[in-house]
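The values are calculated or read from the model by the stated rules, or taken from the named source; none is laboratory data. Note that the coordinates shown come from a computational prediction; the quantities given were computed from them, not determined experimentally. Backbone-built Cβ (ideal geometry, glycine too); neighbour counts: all protein chains shown.
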Amino acid sequence: MQQPLPARIRNIGMKLDIKLGTRMLMSLNGSDGKHGTELIGLNPYEYLILKMPMVPGIRNRMMPGEALTIRYMLQGTIIGFKTHVITQITKPSALVFVEYPDTLEQYELRSYKRLKCLIPAEIHSSHGVQKAAIVDLSAGGCKLCFEVKSSDSIRKLATEEMLVIKANLFAGEDSTLSCICRNVEIDKSTMTVGAAFSGLEDGVAKRLQEYIETVSTFL
């Protein structure tokens with residue numbers, strides 16, 4: 001198994017990739033406590049606006065210049081940065097303004113390097129044979145995307161069910177990969193399935209890892 005990817009530092013001046021409403025954890029300087037907060041707004045390269053954590057007495061510590069550490073999750077990666085309080089307000093809501101970070105630290109939680117892709121595939125299961133696309137690939141598993149109708153039996157797919165994927169990988173060669181369904185999401189006519197590979201032969205697993213490493217160098 002590959003080791004988890006190391007922490008990385010994002011260079012100064014890069015725009016923060018984050019959506020309003022993102023849940024975060026806030027730690028005050030010198031404290032091990034982590035308090036839940038939420039991103040309410042931001043002015044790129046100037047400041048962020050966060051909800052004041054609902055913790056007794058915390059407002060008295062949110063004075064200008066107070067050092068904070070903020071962390072949040074983005075697609076399986078923990079993002080963290082250090083900042084300082086600019087000011088706080090109580091009306092119309094209890095909010096705290098903090099400095100926009102110039103450096104981000106990130107730690108990849110996933111055990112494998114993942115490759116965004118779009119590979120046509122044929123999925124065999126107890127619910128029949130369906131066309132799908134592999135949209136995310138790693139040495140440990142993949143993400144599949146189906147277009148489904150309300151009557152399609154594949155919508156009954158449940159976690160821990162076995163799947164067999166047939167697709168053209170490795171320079172166009174036909175490949176067969178066995179896997180186990182780990183999660184299913186359905187949004188109207190789109191069904192997304194996270195799957196973990198199971199029982200891959202050593203040769204296939206090695207070629208898969210080499211394929212991902214090779215393609216990743218061009219992205």
Quiz item: Applying the selection to the range 166-194, what residues are surrounded by 16 or more Cβ atoms within 10 Å (Cβ to Cβ) and either under 23 Å from Ser151 (Cβ atoms) or modelled with pLDDT under 85 (or both)?
Solution: Leu169, Cys181, Val184, Met191, Thr192, Val193
Practice problem: Please work out which residue is nearest to Leu16 (Cα to Cα), limiting yourself to the range 47-82 and to residues that are of a type in the set (Val, Ile, Thr) and in contact with a strand residue (DSSP E or B) (Cβ under 6 Å, 6 or more places away or on another chain). | Solution: Ile79
Quiz item: Quick one: is Phe146 touching a residue at least 12 places away in the same chain (Cβ under 8 Å), touching a helix residue (DSSP H, G or I) at 6+ places or on another chain (Cβ under 7 Å) and among the aromatic types (Phe, Trp, Tyr)?
Solution: yes
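Rundown of residues vs (1) more than 19 Å from Leu115 (Cβ to Cβ); (2) touching a residue at least 24 places away in the same chain (Cβ under 8 Å); (3) part of a loop (DSSP other than H, G, I, E, B); (4) of a type in the set (Asp, Glu), yes/no style:
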residue: Ala133; (1), (2), (3), (4): no, no, no, no
residue: Ile186; (1), (2), (3), (4): yes, yes, no, no
residue: Lys206; (1), (2), (3), (4): no, no, no, no
residue: Tyr211; (1), (2), (3), (4): no, yes, no, no
Quiz item: Among the candidates Ala139, Ala158, which residue alone is over 30 Å from Glu210 (Cβ atoms) and of a type in the set (A, V, I, L, M, F, W, C)?
Solution: Ala158
Quiz item: Out of the range 23-63, which residues are exposed (fewer than 14 other Cβ atoms within 10 Å of the Cβ), among the polar types (S, T, N, Q) and at pLDDT 90 or above?
Solution: Asn43, Asn60
